[in-house]
Amino acid sequence: MVYGQGSRKDLKSRAKHPSSKTSMKTIRQTGKTIWWYESLLKHKLLLVVLMLGLSYLLGVWLRTLPAFSEQQVLTGDDPYVHLRYAECLLDNGSLPSNDTLRYYPEGFDPRQELLLVPWFIAGFSWLTGLRPLDIAIWLPAFFAPLIVVPIYFISKKITGSRSSGVIAAFLAASAPAFILRSFEGFCDKEAFTTPLMFAALTLAFTSFNTIMKVATEGYKKTFTISIILSLLSGILIGVSALGWAGYLFTYLVLAAYALLMLFFGEDSRNLGLIFIPYLIVMVVSGTFVAFSTARYGGLSFFWSVTFLIPIGASLPLIALRWLKRRFVVPLVIALMVAVVIVEWSYVAGLINWLFGSKGLVRLTVAESKQPTLFDVWNQVGFPIILAILALVPRDVKDPTSRNNYLFLLSMFAVSAILASSEIRLLMFLSLTASIMAGATLSRIIDYCSSKLLVKRKKRLELNEKALLGLALSIILAALVVSSTFAIPTYSIENGPITSHATIYKSLGMSGYSQWLQALDWLKENTTSGAIIISWWDYGYMIQYYANRTTVVDPGNFYEWRNVVVAKFFMSSDENEALNILNQSFGLEGKEVYVIVSLEEIPKSHAIAFIAGYPTPPFQLQLIMGAWRWVISDPNAILTRLVLGIEGLQSDASNIIPSLKHFEKVYCNSYVALYRVMWELT
């Protein structure tokens, strides 16, 4: 119900009855008091388009607050590998079979990387003539807000309300958890794949609803439309899978929806029809992925995803056409056991991805840790409360309403499980909460709208109470939207009284100018065969700016390499440290440089943890009412390297051993470079 038009049943009856025309005439006769109401009725579609445009612009504005375009740098770790591969595509038309700048001495096969983002950067650079760096900086801020379009249609499809879709679009555009993964300069996978994933879910959900009409209406045209939507959905899922492994969110949502429909869906005799679009989506996307990238295991992935899982979920739905529900339950259990036995490695990998151990490196990465309730509140905000209210079912006796509710429940359950696994996956919960909060608020708005006109003395007049309720509910919706970026929140750097918008402005890369100076020196003053030892965070930056080979990088495809580097940094004996490097990477006698920065001081806890050392080189201590970093292991190689940074003073400098095998060749106030001296001269 939108803009006071009444229930759907009333609308249909008015459309068929001639008196519907007189109603509009009566509205006109009431005078200037409600002329604007009639205008809204006529231009409601234009109003929706305008509101979606405003929500998109809001998303762009919030994502451009960090102003990385002024710094001319990217932020984060992964964006630099995407930028380097994009430039390689533009220069050579293809990528090398072996990327020799990564993981010395073996190198790396780029086909193992997900290349959607490099192709995006290269394609837009080719079309616009802009530098790939400019595209990488700007594109996330303009592409990610497109999420408002699928979010609008999903919300509208579920609730049948345009107001729900509009509110959800504004909330999605300003969702903090998603903005933190898609702001200007953060040219990474989430910004590009997430809108595609939600667009795919929109098409799949529409396809499911459409094919269910075949059972009741028998339209061949409807069946064809459902198949086309399924094909498009499968293609979009396949494309998003080429950018991020998080595309599994779509598979999990669709599988959960199929199972919920199996147990709670209406009209069990016709539920089997759902397996047709479901199987098409899985086959198309699985085929696309299997033959487009080597990341997921090729044909092994095709077999697992395209056949076992969809058949396991769709066969029970088919069986409902001939069997009663109580006989289908054992079939479901048997199929689940069969899938686990036949594809244990795939199932175990999925379970481990959701709940299992994340490995030594990921355990030390802040974005991979499990979120606290504070994290949920800070990145999802007030919409999570409204989302919980949306879980209260309404009109579940109606088959369409029940199916829509089950799809909403599927999205919420999957996003909540993913969010409980890693902080960075709160973005799924944030976007789902936007849809659900829109549904809750639209109930209030639509109710007031339906009561806006009352019949008095044979003519329609405005209901002042309903008008007040409508105004208050719209104000509430505006406050909820603004709460996601304007209402005060908590920030360690800015204190408790700040806003998300203020936090976005402060996002940046620490010491980026000093980093660029150091990497420029490295490129100009070392040979092309030089090998760089650093903590894994800086690998992609070194490869891009200095064009030098590293032994580790943020891809973290080989965790043992990070353990080796961590043990090198934590070693207290120089000869032992060099032996660790030589035995693992065969570096003796080669041109090797070690690069460290001030960032290693807080990261020393992670380095010590990965190396298996109980005491990190630096620790925070409360000294005279202030927290300060103090040296806890003066003998560690990392301690001695970091203390060589220009201007860094230490109270323990007199007890720190000097370096014999590491010659400082460059230093500024943030970064220091050392050349490894294999033989003392």
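The values are calculated or read from the model by the stated rules, or taken from the named source; none is laboratory data. Remember, predicted model here, so these are calculated numbers, not experimental data. Quick reminder, even Gly has a Cβ in these numbers, built from the backbone with ideal geometry, and neighbours come from all protein chains shown.
For every residue, the table says whether it meets (1) closer than 26 Å to Ser482 by Cβ; (2) part of a loop (DSSP other than H, G, I, E, B); (3) assigned by TED's automatic domain parsing to the domain that holds Ala608.
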{"position": "Val361", "(1), (2), (3)": "no, no, no"}
{"position": "Asn378", "(1), (2), (3)": "yes, no, no"}
{"position": "Ile384", "(1), (2), (3)": "yes, no, no"}
{"position": "Asp395", "(1), (2), (3)": "no, yes, no"}
{"position": "Tyr405", "(1), (2), (3)": "no, no, no"}
{"position": "Ala416", "(1), (2), (3)": "yes, no, no"}
{"position": "Met427", "(1), (2), (3)": "yes, no, no"}
{"position": "Ala433", "(1), (2), (3)": "yes, no, no"}
{"position": "Ser442", "(1), (2), (3)": "yes, no, no"}
Just to be sure, is Ala172 outside the structural domain of Thr432 (by TED's automatic domain parsing) and either at positive phi or touching a residue at least 60 places away in the same chain (Cβ under 8 Å) (or both)? no
Scanning segment 385-428 for residues that are farther than 21 Å from Leu252 by Cα and β-branched (Val, Ile, Thr) gives Ile385, Val392, Val396, Thr400
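A quick yes/no check of all residues on (1) at pLDDT below 95; (2) in the same structural domain as Trp244 (by TED's automatic domain parsing); (3) surrounded by 24 or more Cβ atoms within 10 Å (Cβ to Cβ):
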| position | (1), (2), (3) |
| --- | --- |
| Glu106 | yes, no, no |
| Leu116 | yes, no, no |
| Thr128 | yes, no, no |
| Arg131 | yes, no, no |
| Ala136 | yes, no, yes |
| Tyr152 | no, yes, yes |
| Ser164 | yes, yes, yes |
Just need a number here: residues in segment 591-605 that are under 19 Å from Trp521 (Cα atoms) and either surrounded by fewer than 20 Cβ atoms within 10 Å (Cβ to Cβ) or outside the structural domain of Ala636 (by TED's automatic domain parsing) (or both). 2
Cβ contacts < 7 Å: first residue on the phi < 0 side of the Ramachandran plot, restricted to segment 466-487; second residue of a type in the set (Phe, Trp, Tyr), any location; separation 6+ or different chain. Result? Val480/Phe382; Val481/Phe170; Ser483/Phe382
Tell me, yes or no, whether segment 485-498 has at least one residue that is surrounded by 17 or more Cβ atoms within 10 Å (Cβ to Cβ) and modelled with pLDDT of 75 or more. yes
Among the residues of segment 578-601, is there at least one that is out of contact with any strand residue (DSSP E or B) (no Cβ under 6 Å at 6 or more places or on another chain), under 13 Å from Arg675 (Cα atoms), assigned to a helix (DSSP H, G or I) and in contact (Cβ under 8 Å) with a residue 60 or more places away in the chain? yes
Output the helices (runs of 4 or more DSSP H) that fall wholly within segment 1-95 and possess 2 or more residues being at pLDDT 55 or above and either of a type in the set (Asp, Glu) or surrounded by fewer than 18 Cβ atoms within 10 Å (Cβ to Cβ) (or both), or say none. 35-42, 44-63, 68-71, 79-92
Selected residue (only one of Leu196, Leu203 is in contact with a Leu (Cβ under 7 Å, 6 or more places away or on another chain), closer than 20 Å to Leu426 by Cα and in the same structural domain as Tyr247 (by TED's automatic domain parsing)): Leu196
Tell me which residues, restricted to segment 195-207, are surrounded by fewer than 24 Cβ atoms within 10 Å (Cβ to Cβ) and at pLDDT below 95. Thr206
With the checklist (1) surrounded by fewer than 22 Cβ atoms within 10 Å (Cβ to Cβ); (2) free of Cβ contacts under 8 Å to residues at least 12 places away in the same chain in hand, flag the one item Leu231 doesn't pass. (2)
Can you pull out every residue in segment 237-279 that is surrounded by 22 or more Cβ atoms within 10 Å (Cβ to Cβ), among the β-branched types (Val, Ile, Thr) and closer than 14 Å to Ile211 by Cβ? Ile274
What is the one condition in (1) part of a helix (DSSP H, G or I); (2) touching a helix residue (DSSP H, G or I) at 6+ places or on another chain (Cβ under 7 Å); (3) surrounded by 17 or more Cβ atoms within 10 Å (Cβ to Cβ) that Asp553 does not satisfy? (1)
Tell me, which residue of segment 284-313 that is among the β-branched types (Val, Ile, Thr) and either at pLDDT 85 or above or touching a Gly at 6+ places or on another chain (Cβ under 7 Å) (or both) is farthest from Leu231 (Cα to Cα)? Val305
Mind telling me which of the residues Phe170, Phe183, Phe120, Phe124 ends up being out of contact with any Ser or Thr (no Cβ under 6 Å at 6 or more places or on another chain), of a type in the set (Phe, Trp, Tyr) and under 27 Å from Phe374 (Cβ atoms)? Phe183
